[in-house]
1. Of a type in the set (A, V, I, L, M, F, W, C), closer than 30 Å to D160 by Cβ and modelled with pLDDT of 95 or more: does that describe A24?
2. Considering only strands (runs of 3 or more DSSP E) fully contained in the stretch 37-124, which possess at least 3 residues that are surrounded by fewer than 19 Cβ atoms within 10 Å (Cβ to Cβ)?
Amino acid sequence: MATAPAPTAAAPAPAAAAAAVPSASVPRGQVDLVDFIDWTGVECLNQDPAHGIANALKQGYREDEGLHLASDSDEQLLIYIPFMQVIKLHSALFKGPEEEGPKTVKLFSNREHMGFSNVNDFPPSDSVDLSSSHLLESKPVTLKYVKFQNVRSLTMFIEDNQSGADITKIQKIALYGTTWTAQIVGDL
């Protein structure tokens, strides 16, 4: 009889552990901002047409291990993400291969119409130097929260990758924060 309860107790434990994994990646008090992205305005310069931005950014696609965003002519990518409402950006998660995953990511709040020719003309709101462990462990990187309080759009410049390879690959990009609406309701 002592052996019968053990399997019953062991069966719920993996389910509970599996359920805890997704919530552990979302920082406390924040939400995944994927539902607030204005998809009609999303752009990615230098993307491989066969491996576009939707593979890394859209819900459902970004969870598929077989899909990824890839750069085309060199390792750099310039991603523009407009939002449907003003958001506060807290952190970002980047998942990618250990060798070809992004390394230096510069983030610009509310900078429209940027190109590779002028991206270095503006100071970034924040710059992140990702390690291979960031890419493999799917841990969000906390941003300079005060710099991302009134965000209508976000531009991300992927400057290089982990190994200096010609192609950068990103399997998942997730942005975490809050909307102004959620903030107002929470304050009531």
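The values are calculated or read from the model by the stated rules, or taken from the named source; none is laboratory data. Bear in mind that the values here come from a model prediction, so they are computed numbers and not experimental data. Here the Cβ positions follow ideal geometry from the backbone for every residue, glycine too, while neighbour counts run over all protein chains shown.
1. no
2. 77-95
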